[in-house]
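Everything on this sheet refers to the single structure shown next.
Every read-out reported here was derived from the displayed coordinates using simple, explicitly stated rules and does not represent laboratory data. Bear in mind the structure is a predicted one, so any value in this text is a computation, not a measurement. With ideal geometry, Cβ positions are generated from the backbone for all residues, glycine too; neighbour counts draw on all protein chains shown.
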Amino acid sequence: MIERLKTGVKGFDRLVAGGIPRGFFVAVVGEPGTGKTVFSLHFAWQGVVEGDKVIYVTTEESRESIIRQAEMFGMDFASAVDEGRMIIIDALMKSKGDEWSLEEVGVEEMVKKVIEAKRRLGYGRARLVVDSMSAFWLDKPAMARKYSYMVKRVLYRWDFTALLVSQYAITSSFAFGWGLEHVADGIVRFRRAVVGGELRRYLLVEKMRQTPHDLRVHRVDIKDGVGMVVLGPVKIRREDLALPPDVVRRIVRAQDAARREVGEGEDVEG
Ligand SMILES: Nc1ncnc2c1ncn2[C@@H]1O[C@H](COP(=O)(O)OP(=O)(O)O)[C@@H](O)[C@H]1O
Ligand SMILES: [Mg+2]
């Protein structure tokens, strides 16, 4: 029997046979504003609820911003931190004298800090979120794969089930993201589109080892006071992509070419 960790995202766990297998490193990828951080907050909070040791590394928002955002969805990160159930490692603010802040944004420093945090929280099942990994290879995208591999190899024995977030600008999809996706046990991809003049969000489980996972694109909602909710499956069309038409055409062409190269089928209707 595979032990599966609930994500705490309403409607998500049924897409992955009940949850994310313990010990997995799952890539959470998507463009800005698609819901990667909100998804990660739920996963972290579910850990607190279940008594897991929770470590949240934030590189693009401050610790305070993460706490405020979580609070809007009824998750009390501040108390969890105070009670020693959770450590938020701030890799953005570089506050001097703050034990859980990263002075340098480097993968090795981050991994060291995460292990230190795990030691502090104590023995037992743990959850890790790194939001995001992209910050570590911003100026050296070619290192993405090596860094991702290193993170997995080193943290593997610390009983983490991890979400590794990757900024996935659709225009730079070939420079970012791939490194992480190659080492990941699972991939959850977020997307956005404007349909009928309205922003919509979608989610697709692209990969989950040892899991008969759902293969459809699902609509996702983010509700004030509640957080993320996974709605029913949909078919999205190419022309719904929320970018100027000429940009979309170029991207679609590039993606088609890449897919042909790796021998994959179409995953977008249109
Ligand atoms: N209290 C809230 N109520 C409704 N929607 C919210 C609330 N807080 C944030 N959001 C939505 O979540 C989005 C941010 O999602 P986020 O997970 O941070 O995206 P990213 O993929 O960049 O990490 C915002 O742009 C907003 O649409
Ligand atoms: Mg984010």
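Would you mind computing, in nm to one decimal, how far apart the modelled labels at residue 207 and residue 235 are, each placed 7 Å from Cα along Cα→Cβ?
Rounded to a tenth, the inter-label distance reads 2.8 nm.
Using the per-residue mean of other Cβ atoms lying within 10 Å as a proxy for protection, in what order, highest first, do the peptides 66-79, 13-26 fall?
On the way: 66-79: 17.1, 13-26: 19.6.
In decreasing order of mean packing, 66-79, 13-26 become 13-26, 66-79.
Tell me, 156, 56, 147 in order of fewest to most beta-carbon neighbours within 10 Å? If you can, show how the numbers build up before the last one.
Working: 156 12, 56 30, 147 21.
Result, fewest neighbours first: 156, 147, 56.
How much length is gained if the chain between residue 72 and residue 256 is pulled fully straight, taking 0.36 nm per residue apart and subtracting their Cα-Cα distance, in nm to one decimal?
Working: separation 184, 0.36 × 184 = 66.24 nm, distance 3.96 nm.
Additional length available on full extension: 62.3 nm.
Rounding to the nearest 20 debye, state how big the charge dipole of the chain is about its Cα centre with +1 on each Lys and Arg Cβ and -1 on each Asp and Glu Cβ. Walk me through the numbers before you get to the answer.
Details: 43 positive and 39 negative charges, 145 e Å.
About 700 debye.
Starting with the fewest neighbours, write out 143, 208 ranked by other beta-carbon atoms found within 10 Å of each beta-carbon.
Details: 143 15, 208 21.
Lowest to highest Cβ neighbour count: 143, 208.
Based on the Cβ-Cβ distance from residue 221 to residue 65, what FRET efficiency comes out when R0 is 25 Å, to the nearest 0.05?
Working: r = 22 Å, r/R0 = 0.87.
Working from the Cβ atoms, E equals 0.70.
Could you pull out the trypsin sites (Lys or Arg not before Pro) across segment 81-155 that fall in loop regions by DSSP (anything but H, G, I, E, B) with no more than 12 other Cβ atoms inside 10 Å? All intermediate terms of the calculation are to be shown ahead of the outcome.
Working: sites: 85, 94, 96, 112, 113, 118, 119, 120, 125, 127, 145, 146, 152, 153; in loops: 85, 94, 96, 125.
Listed in order of number, the matching sites are 94, 96.
With 10 angstrom as the radius, rank 236, 115 by how many other C-beta atoms surround their C-beta, starting from the fewest. Provide the component values of the computation, followed by the final result.
On the way: 236 19, 115 15.
Lowest to highest Cβ neighbour count: 115, 236.
Along the charge dipole of the chain, which of 66, 156, 213 sits closest to the positive end, that is, farthest toward it, with unit charges on the beta carbon of Lys, Arg, Asp and Glu (+1, +1, -1, -1)?
213
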